[in-house]
């Protein structure tokens, strides 16, 4: 049976949860990680409301904390997977003038550091002759995101990380894709009608 690790699985309406459903339907063994507490705090009413009997749920934790990243890697020690989708993200409204060390570092730790360490671990644990990693970026290259610059910077790093790792992992026959899903209504749009109208227009 093919197996996959998917991060960013915390609420039913999210991209991560929908990916879990898709790969379950395709017959994959799915390992899923998320941070329901974070999703609940930022307003997702369905955070933690998942069909956990259908996939292997890893410990729910916040990847902006370095110890939690290490705990997740330890939990993966006895898991075997040939595909990985890094779908988790930290994102806050943080305009220039309101930046602080904690918020910037939370973006970088969650979106960049955790991703890099998971990629490194993926290579180490891969037993198959080939593998596939998919990373999620955003539309930061399409224009300004001035209300979320720390997020935009971290996602720009992911774009470059994907390119660098595609070369670094080529000798292990590991394909690396970087995807921008575009505007996707995962629940955040309904929290702000102005965003919905802007996208609709």
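The values are calculated or read from the model by the stated rules, or taken from the named source; none is laboratory data. Because the structure is a prediction, the values reported are computed rather than measured. Heads up, the Cβs are rebuilt from the backbone with ideal geometry, glycines too, and the neighbour counts pull from every protein chain shown.
All but one of (1) under 21 Å from residue 6 (Cβ atoms); (2) buried (at least 16 other Cβ atoms within 10 Å of the Cβ); (3) under 16 Å from the mean Cα position of the chain (by Cα); (4) in contact (Cβ under 8 Å) with a residue 40 or more places away in the chain hold for residue 162, so report the exception by its number.
With (1) under 21 Å from residue 6 (Cβ atoms); (2) buried (at least 16 other Cβ atoms within 10 Å of the Cβ); (3) under 16 Å from the mean Cα position of the chain (by Cα); (4) in contact (Cβ under 8 Å) with a residue 40 or more places away in the chain applied to residue 162, the lone miss is (4).
Hey, can you tell me all the residues within the stretch 130-151 that are over 15 Å from residue 178 (Cβ atoms) and either in a helix (DSSP H, G or I) or at pLDDT 95 or above (or both)?
Residues satisfying the conditions are 130, 131, 149, 150, 151.
Would you please list the contacts, defined by Cβ atoms under 6 Å and residues six or more apart or on different chains, that run from a residue in the stretch 71-98 that is within 12 Å of residue 125 (Cα to Cα) to a residue that is part of a helix (DSSP H, G or I)?
From residues that are within 12 Å of residue 125 (Cα to Cα), the pairs are 73/121; 84/122.
Name the residue that is modelled with the lowest pLDDT, counting only residues in the stretch 165-192 that are surrounded by fewer than 13 Cβ atoms within 10 Å (Cβ to Cβ) and outside any loop (DSSP other than H, G, I, E, B).
Checking each candidate, the answer is 191.
The rows are residues; the columns are (1) more than 23 Å from residue 14 (Cβ to Cβ); (2) in contact with a helix residue (DSSP H, G or I) (Cβ under 8 Å, 6 or more places away or on another chain); (3) buried (at least 22 other Cβ atoms within 10 Å of the Cβ).
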residue	(1), (2), (3)
90	no, yes, yes
100	yes, no, no
105	yes, no, no
118	no, yes, yes
136	no, yes, yes
143	yes, no, no
157	no, yes, no
